[in-house]
1. When you scan the range A:210-218, do you find a residue that is out of contact with any His (no Cβ under 9 Å at 6 or more places or on another chain), at negative phi and not in a helix (DSSP H, G or I), even just one?
2. Any residue in the range A:158-173 that is closer than 22 Å to A:Ala23 by Cβ and at pLDDT 95 or above?
3. Only one of these is more than 8 Å from every other protein chain (Cβ to nearest Cβ) and under 14 Å from B:Glu48 (Cβ atoms): B:Leu138, B:Leu99. Name it.
4. Please enumerate the residues belonging to the range A:111-140 that are touching a strand residue (DSSP E or B) at 6+ places or on another chain (Cβ under 7 Å), closer than 17 Å to A:Gly22 by Cβ and of a type in the set (A, V, I, L, M, F, W, C).
5. Looking only at the range A:276-294, which residues are under 17 Å from A:Gly241 (Cα atoms) and either in contact with a Ser or Thr (Cβ under 9 Å, 6 or more places away or on another chain) or hydrophobic (A, V, I, L, M, F, W, C) (or both)?
6. For the structure I just gave you, tell me whether A:Ala66 is at the interface with chain B (Cβ under 9 Å from one of its Cβ atoms) and on the phi < 0 side of the Ramachandran plot.
7. Of the residues in the range A:83-96, how many are more than 7 Å from every other protein chain (Cβ to nearest Cβ), modelled with pLDDT of 95 or more and either within 28 Å of A:Ile137 (Cα to Cα) or in contact with a strand residue (DSSP E or B) (Cβ under 6 Å, 6 or more places away or on another chain) (or both)?
Number of protein chains: 2
Amino acid sequence: MGRMPSSSSSETIVLLAGGVGGAKLADGLQAHLGSRVVVIVNTADDVERHGLLVSPDHDTVLYTLAGIANREWGWGIEGETFAAAGMLERYGEETWFRLGDRDLATHVVRTARLRRGDRPTDISRDLQRSLGVEAVILPMTDASVRTEVLTDDGWLGFQDYFVRLHQEPAVLDLRFAGIEDAIATPEVVAALEVADAVLIAPSNPFVSVRPILAVEGIEAGLQTARSRGARVVAVSGIVGGKALKGPADRMLVSLGQEASALGVARQYTGIADVFVIDSLDAGQAGAIEALGMRVVVTDTVMTDAAGRARLAGEMLDAAMKGS
Amino acid sequence: MGRMPSSSSSETIVLLAGGVGGAKLADGLQAHLGSRVVVIVNTADDVERHGLLVSPDHDTVLYTLAGIANREWGWGIEGETFAAAGMLERYGEETWFRLGDRDLATHVVRTARLRRGDRPTDISRDLQRSLGVEAVILPMTDASVRTEVLTDDGWLGFQDYFVRLHQEPAVLDLRFAGIEDAIATPEVVAALEVADAVLIAPSNPFVSVRPILAVEGIEAGLQTARSRGARVVAVSGIVGGKALKGPADRMLVSLGQEASALGVARQYTGIADVFVIDSLDAGQAGAIEALGMRVVVTDTVMTDAAGRARLAGEMLDAAMKGS
C-alpha cells in the first residue's frame with residue numbers, strides 16, 4: 001500500500017487525465033488527498049449530439065469521482081436508463097452515441113449554461129459541487145478543441161471513430177481542431193503554479209494526454225513546475241503490449257510506434273521524470289531509463305477501489321521521494 | 001353516435017385547439033377523418049425550461065393523436081419515467097415544470113432543430129410523422145408568442161402561473177407577448193382556405209383559443225371561410241358552471257365574465273355559427289341563441305375514446321347539416 005497523506009499535508013497534486021483510466025486514478029488520488037487533487041481533463045473528445053454538448057472524458061471523471069459511474073461500461077452512470085434515447089431513435093435521430101436519461105440531464109444543463117455564456121470551467125465546478133465531488137476537475141481549456149483522426153476514409157471526428165466505428169479504422173494521423181485558439185484557463189495555470197507534483201494518468205497518450213499538453217500554457221506550466229522541483233510522474237496504460245482500455249495499442253502501431261510501455265514512455269520524453277510500469281513489463285525498465293526517466297515497477301492495473309488507491313499512492317510516493 | 005365519414009368524402013376540417021380538451025376532440029376527429037383533420041394548436045403556452053423549448057399544448061395534442069399520451073395526468077407520455085428530472089434536480093435546476101425522460105427527447109430534438117434554423121411547423125410535422133400521427137398538427141404560428149397573466153403580484157409567464165403556482169392567483173388581465181410579430185404560416189392559411197368547417201375545441205377561450213385567433217391572418221381566414229359557407233362550431237369547456245379541466249371557470253369570473261356555457265359562448269360572438277353545450281346546460285340555450293348562434297345540446301364530456309368520437313361526430317354533423 002502506498003503512503004497515506006498526513007493531515008498536516010497541504011500539497012496540491014495535478015493529474016492530467018482522459019476518460020476511464022484517468023478517472024480511476026483520479027478516484028485513487030481523491031481517496032488519499034481529497035480536495036487537494038486537481039484533475040485537468042481532456043475535452044478534445046467533446047462532441048455535439050442532438051444539439052447538446054457532451055464531454056465524455058470530463059463526465060467519466062465527474063461521475064467516477066462522484067461515486068455514480070457505471071463500473072461495467074466505462075462510461076455513463078450506474079443504474080442508468082435509456083427512455084429518452086429510445087424516443088430520440090423514434091424521432092429518427094442517430095443514436096450511435098447512446099445517452100442515458102441521467103447523463104442527458106448533465107448535457108442539458110451544460111448546454112443551457114454554455115448558451116447563456118457561462119465558462120465550461122464554471123459549469124464543471126457547479127456540476128462537481130452538485131454531485132459532491134471532493135477533488136477539483138478542470139476542463140483543460142474553455143475553448144472548443146476537437147480531436148480528429150486520419151483514417152483510410154479521410155479525417156473523422158474522434159467520437160465518430162471511437163464510438164460509431166468502434167475504433168476499428170487504423171489511425172494514420174491526428175489533429176486537434178481549434179487547438180490554436182485554446183489557452184489554459186486561469187484555474188489551470190494556477191493549479192500548475194502551486195503543484196507539488198504532476199501525474200499523468202494511464203490514458204491514451206495521443207488522444208487524451210497530448211491534447212491537454214497542446215493547450216497553450218499547459219506544457220509550459222508543467223515545465224515551470226519541473227524547474228522548481230515538482231516531479232512529473234506518468235504511468236503506462238499499455239500493459240504486456242495491450243491497452244488496458246481503448247485503442248492505444250493499435251494507435252501506437254499505426255502511428256509508427258511500439259505497442260509497449262516503452263512506446264508510451266517515448267511519448268513523455270522530456271516531460272515525465274518518473275515512469276511507472278507494470279511488473280509484467282519490468283524487462284523494459286532499462287530502455288525507459290535510457291530515455292532519462294526513473295522507472296517504478298509495480299502492479300498498475302486498477303481492478304477495484306483498493307487498486308486505485310494503491311496505484312495513486314505509489315505515484316505519490318514516486319513524486320515525493322527524493323531520487 | 002355521430003356520423004361516420006363516407007369514403008368518398010374529402011372535406012378538410014380545421015380544429016382550433018389548446019391542450020387536453022383540444023387533444024381529446026382532435027383524437028375524436030382523427031377517428032372519423034384521419035388525415036383530413038388539421039389541428040391549429042396554441043403555442044402561446046410554450047416555455048423554455050433548462051434551455052429547451054417546451055410546447056405543452058402542442059405536445060399534448062401530438063402525444064394524444066399518437067396514442068401515447070398519459071391518460072391520467074393530462075400531460076406527458078404513458079409509462080413515462082423521470083430519471084433525467086431527478087438528475088436535473090440534483091444539479092439545482094428548478095424542476096417545477098417536470099419533464100419526463102421520453103418527453104425530454106421531444107424538447108431536445110425540437111430545440112436542436114430550432115437552433116439549426118428549422119421552422120416550428122416543419123419540426124412539428126416531422127415529430128408527427130415519426131410518431132405515426134394521421135391528422136395534421138400545425139403550430140398556430142412559427143413566431144414566438146408568450147401568454148402572460150396579470151395577477152396581484154404583477155405579470156407572470158403563463159406556465160409560471162399555470163404549473164408553478166397551480167393556477168391559484170386570480171387572473172386580472174392577459175396579454176400575448178410577441179403577438180404583434182406573429183403571422184399565420186402558409187400551412188395555416190391554406191388549411192383555412194380549404195376548410196369545410198372550423199371547429200373550436202372545449203379549450204380555455206382566453207389562453208388557448210384567443211391567442212390562436214390573435215395571430216395575424218387566422219381570424220381573417222376563419223371569417224373568409226364563413227363568408228363562403230363554411231361553418232364555425234364551438235363547444236363549451238364549461239359544464240354545469242365548472243371547467244372540465246384547468247382554470248377557465250375562475251378565469252371567466254376574475255375577468256368579469258360568467259362561469260357558464262353562456263360566458264364561453266360570449267367569447268365566440270361573431271366567430272362561431274354553432275355552439276355546442278352539455279345537456280346539463282340546456283337551460284342556457286335560449287340566451288346563447290340570442291347571441292346569434294345555433295345551439296346544439298348534447299353530452300359534451302369526453303370520458304373515453306368513444307366519447308371523443310361521439311362529440312367529434314356531433315360537431316361534424318352540426319357543421320355540415322343545413323341550418
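The values are calculated or read from the model by the stated rules, or taken from the named source; none is laboratory data. What you see is a predicted model; the values in this text were computed from it and never measured. When we count neighbours, we look across all protein chains shown, and the Cβ atoms used for this are built from the backbone with ideal geometry, even at glycine.
1. Checked the range A:210-218: at least one residue is out of contact with any His (no Cβ under 9 Å at 6 or more places or on another chain), at negative phi and not in a helix (DSSP H, G or I).
2. So far as the range A:158-173 goes, no, none of its residues is closer than 22 Å to A:Ala23 by Cβ and at pLDDT 95 or above.
3. Just a single option satisfies the conditions, and that option is B:Leu99.
4. Matches in the range A:111-140: A:Ala135, A:Val136, A:Ile137, A:Leu138, A:Met140.
5. The initial filter retains those residues of the range A:276-294 that are under 17 Å from A:Gly241 (Cα atoms), namely A:276-288.
Those that are under 17 Å from A:Gly241 (Cα atoms) and either in contact with a Ser or Thr (Cβ under 9 Å, 6 or more places away or on another chain) or hydrophobic (A, V, I, L, M, F, W, C) (or both): A:Val276, A:Ile277, A:Asp278, A:Ser279, A:Leu280, A:Asp281, A:Ala282, A:Gln284, A:Ala285, A:Ala287, A:Ile288.
6. Against the criterion (at the interface with chain B (Cβ under 9 Å from one of its Cβ atoms) and on the phi < 0 side of the Ramachandran plot), A:Ala66 does not qualify.
7. 1
Every residue, every condition in (1) at pLDDT 95 or above; (2) of a type in the set (A, V, I, L, M, F, W, C); (3) over 18 Å from B:Leu15 (Cα atoms), yes or no:
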residue	(1), (2), (3)
B:Arg116	yes, no, yes
B:Arg125	yes, no, no
B:Gly132	yes, no, yes
B:Leu138	yes, yes, no
B:Thr141	yes, no, no
B:Val145	yes, yes, yes
B:Val149	yes, yes, yes
